[in-house]
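Report on the following structure.
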Amino acid sequence: MPPKKLKIPVRKAVLGLAPYNAPKEGRAKKLRLDFNENTVGCSPAVLRALSRITAEQMGIYPEYQETTKRLARFFRVRPAQMHLTNGIDDALHLIADTFLEDGDSVLIVEPTFDMYRFFSELAGARVTALRYDDEMRFPVDAVIEHLRRPAEIAPRVLFIATPNNPTGTVVPKSDLRRILNAVTRTLVLVDEAYFDFSGETILPWIRRYPNLLVARTFSKSAGLAALRVGCLFGNPELLAVMRGACSPYPVNTAALVAAEAAVADKRFAQNYTKEILLSRALLEQGLQQFGARIYPSGANFVLADFGPRAHRLVKALERKGILVRERKDFPREGFVRISAGTRADTRKLLRAMKEIL
Ligand SMILES: *Cc1c(COP(=O)(O)O)cnc(C)c1O
């Protein structure tokens, strides 16, 4: 509904948007297992690097060339195959700005990351949502059937997260290969926000598939959600077109410094990932002991089906200062997405659950 006092016309696409369920405020002192963040935060080396930023640096608009070069080396791509973004959210916005016209069709597979739908609808596109089945399997045949439709109705963009949020499941590489071999005029974004926990990537495929973009973020394993920095990878021509639609300074200097320091501290990253994988195993085991059905996760969270107990459980945990995410975008109630913090975090969660259930 247009606001009553506003005399300025607002785009129809904006008025029609469903509000995004962003994290609540006031989460700082709680055990935050609701948004898949890093519960211990970034490497101390990142804080040291940030404290060395000078007043002069603060007064200058950010420059991207050097950081892009160093990060490109880390990701084993050429600088021209990489574009820095203000988190993956910004990359999604940029994709919509570059490729989507009013009324274009976008394909997603739900349940998935809400921002694919949000930025597509904001651009005025029509979203077609296929669904994971009851076993949380990716419907590859149905996806390919949509990609093969005549050019006028084929999706302009296909968004895929792997591991997928909130299911945690990994889309098999063989499915991704079939999809990329089937596309002609569709841009495919493969969102690898949780790559560090699955170890599976198709990043090298950007050399082979001109329609492929791969996204990564420093928000999850690197513990830099507050600074907003991510990377988009693809073939140089594709990225050059997108740079033309991009705001001039999407990533700030602190984020650049932090990202460089984060990739330089390999030991922190390795130790953190190892800790989370142990914690995830503990979490999976614990959840099954409470009779919840879980799905195999390649990410730093687990989707659990608690059936009719879910809502009461989530509320009771909240009263104990533990935040988890109840997902209401399933055909029925009962699904809870729980992040794996450290093993100490997981033990605290499981003790609290034991008291409640
Ligand atoms: C958390 C998440 C992101 C968020 O990335 P930002 O870089 O913080 O914008 C992107 N994709 C998926 C699938 C996520 O779960």
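Here are the numbers:
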item: Fraction of beta bridges assigned by DSSP in the stretch 45-264 that are antiparallel (%, nearest 5); result: 35 percent
item: Amide proton proximity set for Leu187, modelled H, under 5 Å, gap of 5+; result: Val157, Leu158
item: Accessible area, probe 1.4 Å, largest first, for residues Arg228, Arg207; result: Arg207, Arg228
item: Under-5 Å amide H pairs with Arg293, H placed in peptide plane, nonlocal only; result: Asp305
item: Accessible area of Arg327 in the full protein assembly, 1.4 Å probe (Å², nearest 10); result: 10 Å²
item: Size descriptor, Kirkwood hydrodynamic radius, that averages inverse alpha-carbon separations across the stretch 158-236, Å; result: 13.0 Å
item: Restraint check, Lys30/Lys315; Lys320/Lys354; Lys173/Lys274; Lys30/Lys354; Lys24/Lys315, Cα-Cα greater than 21 Å; result: Lys173/Lys274
item: Relative contact order (%) - criterion: Cα under 8 Å, at least six apart; region: the chain; result: 22 percent
item: Mean accessible surface per residue for the chain, computed with a 1.4 Å probe while every protein chain stays in place, in Å²; result: 49 Å²
item: By accessible area with a 1.4 Å probe, ligands and nucleic acids excluded, highest first: order of Leu15, Leu189; result: Leu15, Leu189
item: Integer Hz, Karplus 6.51/-1.76/1.60 couplings in order for the stretch 282-297, x for Gly and Pro; result: 4, 5, 4, 4, x, 5, 5, 5, 7, x, 7, 7, 10, 10, x, 10
item: Estimated 222 nm signal from helices in the chain, with DSSP H stretches of n ≥ 4 weighted -39500 (n - 2.57), rounded to 500; result: -11500 deg cm²/dmol
item: Residues whose placed amide H lies under 5 Å from that of Ala125, excluding near-sequence neighbours; result: Gly103
item: Under the Karplus curve 6.51 cos²θ - 1.76 cosθ + 1.60, θ = phi - 60°, whole-Hz ³J(HN,Hα) for the stretch 28-42, x wherever Gly or Pro sits; result: 4, 8, 9, 7, 9, 10, 10, 10, 6, 6, 7, 6, 9, x, 7
item: Ranked order, Asp141, Asp265 - accessible area, probe 1.4 Å, largest first; result: Asp141, Asp265
item: Distance cut-off 27 Å, percentage of C-alpha pairs in the chain lying past it; result: 49 percent
item: In sequence order, calculated HN-Hα J values of the stretch 62-79 (Karplus, 6.51, -1.76, 1.60; Hz; x Gly/Pro); result: x, 10, 9, 4, 5, 4, 4, 4, 5, 5, 4, 4, 4, 8, 6, 10, 7, x
item: Listed residues Ser339, Ser120, Ser174, most fluctuating in the chain (Gaussian network, C-alpha, under 10 Å); result: Ser174
item: Area accessible to solvent at His311, 1.4 Å probe radius, in Å²; result: 80 Å²
item: The stretch 45-264 - percent of accessible surface contributed by carbon and sulfur, probe 1.4 Å; result: 51 percent
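The values are calculated or read from the model by the stated rules, or taken from the named source; none is laboratory data. In this text the structure is predicted, and so the values were computed from the model without any measurement. Side chains are part of the model used for accessible areas, which takes the heavy atoms of the whole protein and leaves out ligands, DNA and RNA. Shrake-Rupley method; radii C 1.70, N 1.55, O 1.52, S 1.80 Å.
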